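Worksheet: one structure, shown below.
Any read-out appearing in this document is the output of simple, stated calculations on the displayed coordinates, not a laboratory observation. If you're wondering where the values come from, they're calculated on a predicted model, not measured in any experiment. All Cβ positions, glycine included, derive from the backbone under ideal geometry; neighbour counts span all protein chains shown.
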Amino acid sequence: MIRVRVARPTDRLDEVVEFYRDGVGLVELGRFDGHSGYNGVMLGLPGSDYHLEFTSHEDGSPCPAPSVDNLLVLYLESEQAAEIVAGRLSDLGYPDVEPENPYWDGRSITIADPDGWRLVLDWGLA
């Protein structure tokens with residue numbers, strides 16, 4: 001069985017968790033606090049072998065801001081499903097942004113998370 005977890009640091013752990021859990025709709029699968037100065041939250045879909053992990057360190061993160069073409073792409077079943085997620089994120093204060101790459105125009109919605117990483121909600125494969 002193959003399992004994948006993508007992990008990245010953040011200095012805005014609570015905001016990032018709210019974005020992906022409450023806005024995108026991922027489920028909190030686990031969390032840890034005070035592990036050698038690190039706190040973290042794992043998010044994903046129940047029963048899925050693909051997770052996102054966000055960590056923060058008590059001394060802060062040396063992680064530089066991403067470029068506007070660092071993307072996490074979620075393939076949704078329809079444009080309507082993407083608009084529902086985008087609406088929840090907009091209600092949380094995260095409006096859509098213009099994609100850097102014109103490939104995504106007309107087939108997806110791009111939204112920057114609290115750290116500036118871009119999330120693409122794509123229905124083009126539907």
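Below is a table of values for the structure above.
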item: Label-point separation, residue 28 to residue 4 (7 Å along Cα→Cβ), nm; result: 2.6
item: The chain, relative contact order in percent, only Cα pairs under 8 angstrom and at least six apart counted; result: 26
item: Two-site label geometry, residue 83 and residue 107: point separation in nm, points 7 Å out along Cα→Cβ; result: 2.0
item: Cα gyration tensor shape for the chain, rounded if a/c is under 1.5, else prolate or oblate; result: prolate
item: C-alpha long axis of helix 79-91 to longest principal axis of the chain, angle in °; result: 50
item: Charge dipole magnitude, Cβ of K and R +1, D and E -1 - the chain, Cα centre, debye nearest 20; result: 400
item: Size of electric dipole in segment 71-122: Cβ of Lys, Arg +1 and of Asp, Glu -1, about Cα centre, debye, nearest 20; result: 60
